[in-house]
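Okay, structure first, notes after.
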Amino acid sequence: MSYDASLKGRSILITGGNRGLGREMALSLAKSGVKLCITASKNGDAFKNTKEELIAILGEENVCAEVVDVSDAMGMSRLTEKCIEKFSTIDVLINNAARGMRVISETFNTVPTKFWETNPEAWSNIVDANIKGPFIAARYVVPYMIKNKFGKIINISTSSQTMIRKGYSPYGPSKAFIESTSRAWASDLEGTGVDVNVLLPGGATDTDLLPPSENKKGADGNLLPPSIMNDAIQWLASDKSNGITGGRFIGRYWNDIDARVDSSGQNPQIM
């Protein structure tokens with residue numbers, strides 16, 4: 001892969017950057033020479049290993065890794081200040097941190113849980129991470145972007161089918177909210193130099209959002225590698241996407257320009 005020169009030295013914050021899609025995007029962007037700040041929900045092996053990998057690529061001076069709950073306003077405020085202090089700016093925010101249906105049930109993909117059977121605390125945990133978290137992160141980062149007259153917010157979503165799939169509430173609907181709010185944010189930020197776009201894999205990926213299984217796969221029978229996001233995230237974080245906002249992009253179809261958005265899109269690249 002060739003890396004866009006505009007990414008060199010760009011300051012990027014990835015929530016949930018320690019594993020799954022977040023880890024893959026972080027490692028891909030690290031190879032392009034960015035400055036990275038990642039969050040994790042707990043100080044486990046995944047966090048420690050990813051942090052060490054990023055430092056090995058970028059050097060400790062270009063990596064900031066913190067354990068923080070993305071729905072914790074004070075925690076995210078402190079994290080933002082720390083990133084600004086270390087890197088001077090936050091040019092790109094990737095809202096990737098999310099909780100999936102395993103919080104509800106370890107068998108959600110084979111024995112769907114009806115929404116009225118869902119534990120309220122588990123429901124709130126998903127909603128806090130998937131809806132409140134992106135708002136909190138953007139709430140503290142955007143003022144700096146507006147001041148600099150430049151910024152990119154990339155909200156990670158899921159397939160349209162998942163948003164309404166039986167037994168996927170509240171995870172699926174939480175991503176529908178993210179897509180709607182991304183459009184609203186794009187309108188709010190019009191003329192500021194800050195772009196807002198949505199990126200999704202285009203199917204189930206081989207991450208911990210799915211329960212471990214010998215026959216692990218998505219509802220369509222496929223299982224995508226987490227690296228499916230890499231080409232798209234490189235483009236969305238670079239100057240090549242400057243001025244493109246309110247879009248919805250699909251990693252699975254990135255090399256097919258006519259299929260980068262789902263069938264509801266009216267433009268082959270942006271909807």
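The values are calculated or read from the model by the stated rules, or taken from the named source; none is laboratory data. The structure presented is a predicted model; accordingly, all values stated were derived computationally and were not measured. FYI the Cβ positions are ideal-geometry reconstructions off the backbone, even for glycines, and counts take in every protein chain you see. SASA here: full protein model, heavy atoms, side chains in, ligands and nucleic acids out. Shrake-Rupley method; radii C 1.70, N 1.55, O 1.52, S 1.80 Å.
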Task: Scope segment 138-166; condition more than 17 Å from SER180 (Cβ to Cβ) and of a type in the set (Gly, Ala, Ser); matching residues - done: GLY151
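Any residue in segment 182-194 that is farther than 22 Å from GLU24 by Cα, outside any strand (DSSP E or B), modelled with pLDDT of 95 or more and among the basic types (Lys, Arg)?
We begin by selecting, within segment 182-194, every residue farther than 22 Å from GLU24 by Cα; these are 182-194.
Next, only the ones that are outside any strand (DSSP E or B) stay: 182-193.
Filter once more, keeping what is modelled with pLDDT of 95 or more: 182-193.
Then drop every residue that is not among the basic types (Lys, Arg), which leaves 183.
Scanning segment 182-194 turns up at least one residue that is farther than 22 Å from GLU24 by Cα, outside any strand (DSSP E or B), modelled with pLDDT of 95 or more and among the basic types (Lys, Arg).
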Open item on the list: So, in segment 59-86, how many residues would count as being touching a strand residue (DSSP E or B) at 6+ places or on another chain (Cβ under 7 Å), open to solvent by 20 Å² or more (accessible area, probe 1.4 Å) and either over 18 Å from ALA97 (Cα atoms) or part of a helix (DSSP H, G or I) (or both)?
Closed with: 3
Task: Candidate set from segment 195-223 (those that are among the polar types (S, T, N, Q) and open to solvent by less than 60 Å² (accessible area, probe 1.4 Å)); member that is modelled with the lowest pLDDT - done: THR207
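Kindly indicate whether ASN18 is farther than 18 Å from SER227 by Cα and outside any strand (DSSP E or B).
Values: farther than 18 Å from SER227 by Cα: no; outside any strand (DSSP E or B): yes.
Considered against the rule, which asks whether it is farther than 18 Å from SER227 by Cα and outside any strand (DSSP E or B), ASN18 comes out as no.
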- [ ] Would you be able to say whether some residue in segment 58-74 is out of contact with any Ser or Thr (no Cβ under 6 Å at 6 or more places or on another chain), of a type in the set (Gly, Ala, Ser) and over 25 Å from PHE135 (Cα atoms)?
- [x] yes
TODO: Could you list all residues from segment 19-46 that are under 12 Å from CYS64 (Cα atoms) and not hydrophobic (A, V, I, L, M, F, W, C)?
DONE: LYS35, THR39
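Against the definition (over 25 Å from SER6 (Cα atoms) and at pLDDT 95 or above), how does PRO112 come out, yes or no? Reasoning before the result, please.
Details: over 25 Å from SER6 (Cα atoms): yes; at pLDDT 95 or above: no.
Spelling it out, it is not the case that PRO112 is over 25 Å from SER6 (Cα atoms) and at pLDDT 95 or above.
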Task: Hits in segment 224-245 - residues which are touching a Ser or Thr at 6+ places or on another chain (Cβ under 7 Å), part of a helix (DSSP H, G or I) and surrounded by fewer than 21 Cβ atoms within 10 Å (Cβ to Cβ) - done: PRO226, ASN230, TRP235, ASP239
- [ ] May I ask you to say which residue of LYS48, LYS86, LYS114 is within 26 Å of LEU200 (Cβ to Cβ) and not small (Gly, Ala, Ser)?
- [x] LYS114
Task: Qualifying helices (runs of 4 or more DSSP H) (wholly inside segment 87-178; at least 1 residues being on the phi > 0 side of the Ramachandran plot) - done: none
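Yes or no, residue by residue, for (1) under 19 Å from THR39 (Cα atoms); (2) open to solvent by 30 Å² or more (accessible area, probe 1.4 Å); (3) under 20 Å from the mean Cα position of the chain (by Cα):
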{"residue": "ASN95", "(1), (2), (3)": "yes, no, yes"}
{"residue": "THR107", "(1), (2), (3)": "no, yes, no"}
{"residue": "THR113", "(1), (2), (3)": "no, no, no"}
{"residue": "ASN119", "(1), (2), (3)": "no, yes, no"}
Task: Single condition ARG165 does not satisfy, out of (1) modelled with pLDDT under 90; (2) surrounded by fewer than 20 Cβ atoms within 10 Å (Cβ to Cβ) - done: (1)
